[in-house]
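Read the figures in this text as sums done on the coordinates, not as results from a lab. Remember, it's a predicted structure, so these values are computed and weren't measured experimentally. When we count neighbours, we look across all protein chains shown, and the Cβ atoms used for this are built from the backbone with ideal geometry, even at glycine.
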Amino acid sequence: MKLNSTVLLTLILLTLMLGAGSVSAFWGFTLGSSALKGVTTPDGRPTSKFTSSKSSNSQQGNLALLREEEILKIVKARIEGKTKVAKSEKLEEDDEDTNSNKQKPEEKPTEVAEEKPQKGFPVTAENKGVTFAVQSARYSGGDLLLKVKMQNKGADSVRFLYSFLDVTDDKGRTLSASTEGLPAELPANGPTFSGTVSIPTALLDDVKKVSLALTDYPAQQLKLEVSNIPVEK
């Protein structure tokens, strides 16, 4: 009797263990399935690659590709259009310039009036080919301005020091004067030089004529005297 009860108890325990194992396995399988929902494996099939390449080729086939001739035609047309536009703008500018030139009156060159010689001028002195001439006399800014021209037609150059210029009035009195623009040296066969001799007006109240005397420097072998220059106001 004891042996039968032991065997029965063993069978009951095995049955319970098998039942518990089956329940645990089913429960684990259920949990794993629910956890793996939505997870897919990568498609490693070669046919999928061909399918994707075909779809990409079909998309590329939808793009309109231009031929080289058509591209060249388009570029040429655009260049010609820009050229025509530029030419039309250039023609419009030329027309505007022409119209503006037509509208503007022709400018005539101003004629330089020749200076008329004053009465009693020029007063000239010459010595050894050197000319000393007073062209005009006028009062300006408190001074008497004598316009002077000098030229050397001789074979040798001549030097002057204008501090040695003697200025006297018609009564023999010595007057102070200053020079401007006269050359320190007259070259041989040289051009004409112009300058000014200025005499203060305050010294010429009762003076009607003045005289100028100039010698070369330092030799003082050439003397130029310009006498009786009319300066009456």
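One chain, two ends: Gln118 and Glu185. Fully extended at 0.36 nm per residue, the span grows by 21.3 nm beyond their Cα-Cα distance. Computed over the Cα atoms of the range 123-230, the ratio of the radius of gyration to the Kirkwood radius (Rg/Rh) comes to 0.96. Shown for Val148, Val75, Val226: other C-beta atoms within 10 Å of each C-beta, ranked fewest to most, produce the order Val75, Val226, Val148.
Testing the spin-label approximation: label points 7 Å from Cα along Cα→Cβ at Gln220 and Thr30. State their distance in nm. Label at Gln220, label at Thr30, 14.9 nm between them. Summing Cβ point charges (Lys, Arg +1; Asp, Glu -1) relative to the Cα centre of the range 123-230 gives a dipole of roughly 200 debye.
May I ask you to derive the FRET efficiency for Lys208 and Ala155 from their Cβ-Cβ distance with R0 = 35 Å, giving the value to the nearest 0.05? E(calc), rounded to 0.05, equals 0.35.
Between Leu16 and Ser178, full extension at 0.36 nm per residue minus the direct alpha carbon distance yields a gain of 43.4 nm. Listed cross-link partners Lys147/Lys209; Lys119/Lys223; Lys147/Lys208; Lys128/Lys171; Lys128/Lys208; Lys128/Lys209 are compared with a 22 Å cut-off, the Cα-Cα value being larger for Lys119/Lys223; Lys128/Lys171; Lys128/Lys208; Lys128/Lys209.
Summarising the amide proton neighbourhood of Asp216: residues at separation of 5 or more, or on other chains, whose placed amide H is nearer than 5 Å comprise Gln221, Leu222.
Residues Met150, Met17 in ascending order of nearby Cβ atoms (within 10 Å, fewest first): Met17, Met150.
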